[in-house]
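The values are calculated or read from the model by the stated rules, or taken from the named source; none is laboratory data. All values reported here derive from a predicted model rather than from experimental measurement. Neighbour counts are summed over all protein chains in view; Cβ atoms, including those assigned to glycine, are modelled from backbone coordinates with ideal geometry. Ligands, DNA and RNA are excluded from the accessible area calculation, which covers all protein heavy atoms including side chains. Shrake-Rupley method; radii C 1.70, N 1.55, O 1.52, S 1.80 Å.
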Amino acid sequence: MYEGVVQDLIDELGRLPGVGPKGAQRMAFHLLAADPEDITRLAEALLQIREKVRFCEVCGNVAEAERCRICLDDRRDPSMICVVEQSQDVAAIERTREFRGRYHVLGGAINPIGGVGPEDLRVRELVARLADGEVAEVIIATDPNLEGEATATYLARLLAPYDGVRVSRLASGLPVGGDLEYADEVTLGRAFEGRRMISTGPTG
Amino acid sequence: MPTYRDAAIVLRTYKLGEADRIVILLGRTRGRIRAVAKGVRRTSSKFGARLEPGMVVDVQCYEGRNLDTITQADGLAPYGEAISHDYPSYTSASVMLETCEQLTEEGAPALQHFRLLAGGLAALAAAEHDPRLVLDSYLLRALAIAGWRASFADCARCGMTGPHRAFHVPSGGVVCPVCRPPGSTAPAPETLALLSALFTSDWSVADASQRRHRSEASGMVAAYLQWHLERGVRSLRHLERTP
């Protein structure tokens, strides 16, 4: 136990996800020894995240205005919406540079044991985005775990009646750079299910 | 550190740190187990896919002071995978897994609960019956294993031979006209027959039941479950019936 503000800082840092008491103590003493300018910059960044960051009114991604930079970008394809669980997933997909459509952040996955149902997610907002008929494909990119799969099942069923809207799911399968013999049966099973043709043989 | 191996059903998982999970399992011989599975949230994990709720696995763990650590997991029956592709089955399985967690204790062997849950998940994965019927059958039998067997024929208070019309949750089932306390309900005789069939796994009767009797039976089972469990079952709120 330390006195006053040092202990307060350790307590606050210890509340961050993945930070234990020892880690919080180490960070606090690192900050005590750090350049005052660095500390001021960190403090300003923390204040600004509170003041400036909000959630995009269209897709639910983090933004510094009413709409995020992706929703404001006219070059993005408005006919494709990629549905993800959280904002971090948007950043992961953006790193691939494969997808040029827009996003929809659900804010989690359906998890009845955890008390999260469809009404706790941004499902209604997703349905509202389909109302203008501009969207032709919804790509469901929820996590490949039980909750993510069940959420995808729920959304696929919910969106099925919408004419002209295709609903697809990200492929699951073998990680690049791995050995086939180490793949678990669930992943390998999905890789077989989602296999694609690379040759159809001679035609005619 | 001592290691052990057991067949187990994954009941629930929590995120831990950057890429780990705390996994709650029901071991065939060891009862409820709390263990850490390191690195399973990474896509490169060798056994992360097997440690999803509803999966039956053969796990190897080493004992820790508070939490055990999973070192290996082989799949025995990937029920969770099939269940996640049918939403009513998924919500039913969630109630089953949460109820099982509440009815079992850490370190106390619960072989009957293990068998019942494995059977229930297999039935949901096979999709041969309405998921809600499978769930109600599971709940009635799980509560009976826990010592709260409901009576659907003889009076739950005095034992007078039935059939009786009145049902009273706190009394433990149907009650005779003499014992009938205030607040008893009078379900349809077909509903009581359905509940009895679900308890004894008479699927020919259960599958032939009408929707309104299924709905009434589900309500009674849910009330019976919530009455006996100290904590409410959160997932019941999100339960979805088959249209």
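Tabulated data
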| item | result |
| --- | --- |
| Residues satisfying the stated conditions in the stretch B:127-159, i.e. touching a Cys at 6+ places or on another chain (Cβ under 9 Å) and either in a helix (DSSP H, G or I) or open to solvent by 60 Å² or more (accessible area, probe 1.4 Å) (or both) | B:Y138, B:A142, B:D154, B:R157, B:C158 |
| Candidate set from the stretch A:179-194 (those that are within 25 Å of the chain's Cα centre (by Cα) and among the charged types (D, E, K, R)); member that is least open to solvent (accessible area, probe 1.4 Å) | A:D184 |
| Candidate set: the stretch A:169-189, residues that are assigned to a loop (DSSP other than H, G, I, E, B) and among the hydrophobic types (A, V, I, L, M, F, W, C); chosen: the one farthest from A:G107 (Cα to Cα) | A:A183 |
| Output for the stretch B:160-209, where each listed residue is out of contact with any Cys (no Cβ under 9 Å at 6 or more places or on another chain), in a loop (DSSP other than H, G, I, E, B) and open to solvent by less than 50 Å² (accessible area, probe 1.4 Å) | B:V169, B:G172, B:P181, B:S184, B:P187, B:A188, B:S201, B:S209 |
| Every residue from the stretch A:94-115 that is within 14 Å of chain B (Cβ to nearest Cβ) and within 11 Å of the chain's Cα centre (by Cα) | A:G108, A:A109 |
| Yes/no for B:A223 being more than 14 Å from chain A (Cβ to nearest Cβ), at pLDDT 90 or above, assigned to a helix (DSSP H, G or I) and surrounded by 20 or more Cβ atoms within 10 Å (Cβ to Cβ) | no |
| Residue within the stretch B:56-74 that is surrounded by 15 or more Cβ atoms within 10 Å (Cβ to Cβ), under 19 Å from A:G189 (Cα atoms) and over 23 Å from the mean Cα position of the chain (by Cα) present | no |
| Spans of strands (runs of 3 or more DSSP E) in the stretch A:54-168 with at least 1 residues open to solvent by 50 Å² or more (accessible area, probe 1.4 Å) | A:77-84 |
| Qualifying residues in the stretch B:85-118 (those that are without any contact (Cβ under 8 Å) to a residue 12 or more places away in the chain and open to solvent by 40 Å² or more (accessible area, probe 1.4 Å)) - the one nearest to the other protein chains (Cβ to nearest Cβ) | B:H85 |
| Unique match (being within 20 Å of A:G60 (Cα to Cα), of a type outside the set (V, I, T), in the same structural domain as A:V105 (by TED's automatic domain parsing) and touching a residue at least 60 places away in the same chain (Cβ under 8 Å)) among A:R124, A:R129 | A:R129 |
| Hits in the stretch B:28-48 (condition: in contact with a helix residue (DSSP H, G or I) (Cβ under 8 Å, 6 or more places away or on another chain), more than 19 Å from B:E101 (Cα to Cα) and open to solvent by 30 Å² or more (accessible area, probe 1.4 Å)) | B:R41, B:R42, B:K46 |
| Unique residue being farther than 30 Å from B:S84 by Cβ, under 20 Å from the mean Cα position of the chain (by Cα) and without any contact (Cβ under 8 Å) to a residue 60 or more places away in the chain when the list is B:S196, B:S215, B:S171, B:S184 | B:S196 |
| Any chance A:S172 is farther than 22 Å from B:H238 by Cβ, surrounded by fewer than 16 Cβ atoms within 10 Å (Cβ to Cβ), of a type in the set (S, T, N, Q) and touching a residue at least 24 places away in the same chain (Cβ under 8 Å) | no |
| The one condition in (1) within 14 Å of chain A (Cβ to nearest Cβ); (2) in contact with a Ser or Thr (Cβ under 8 Å, 6 or more places away or on another chain); (3) outside any loop (DSSP other than H, G, I, E, B) that B:E240 fails to fulfil | (3) |
| Residue count for the stretch A:17-31, restricted to those that are surrounded by 11 or more Cβ atoms within 10 Å (Cβ to Cβ), of a type outside the set (G, A, S) and at pLDDT 90 or above | 5 |
| Test: B:E81 is within 8 Å of another protein chain (Cβ to nearest Cβ), open to solvent by 10 Å² or more (accessible area, probe 1.4 Å) and under 25 Å from B:A126 (Cβ atoms) | yes |
| Cβ pairs under 9 Å, 6+ apart, first in the stretch A:9-37 and more than 16 Å from B:E18 (Cβ to Cβ), second open to solvent by less than 30 Å² (accessible area, probe 1.4 Å) and among the polar types (S, T, N, Q) | A:A28/A:Q7 |
| Residue list for the stretch B:145-166, filter: closer than 25 Å to B:Q210 by Cβ and touching a helix residue (DSSP H, G or I) at 6+ places or on another chain (Cβ under 8 Å) | B:A150, B:F152, B:A153, B:P163, B:R165 |
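Okay, residues lined up against (1) under 20 Å from A:R190 (Cβ atoms); (2) touching a strand residue (DSSP E or B) at 6+ places or on another chain (Cβ under 8 Å):
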| residue | (1), (2) |
| --- | --- |
| A:N111 | no, no |
| A:R124 | no, no |
| A:R129 | no, yes |
| A:A152 | yes, yes |
| A:P161 | no, no |
| A:G164 | no, no |
| A:V167 | yes, yes |
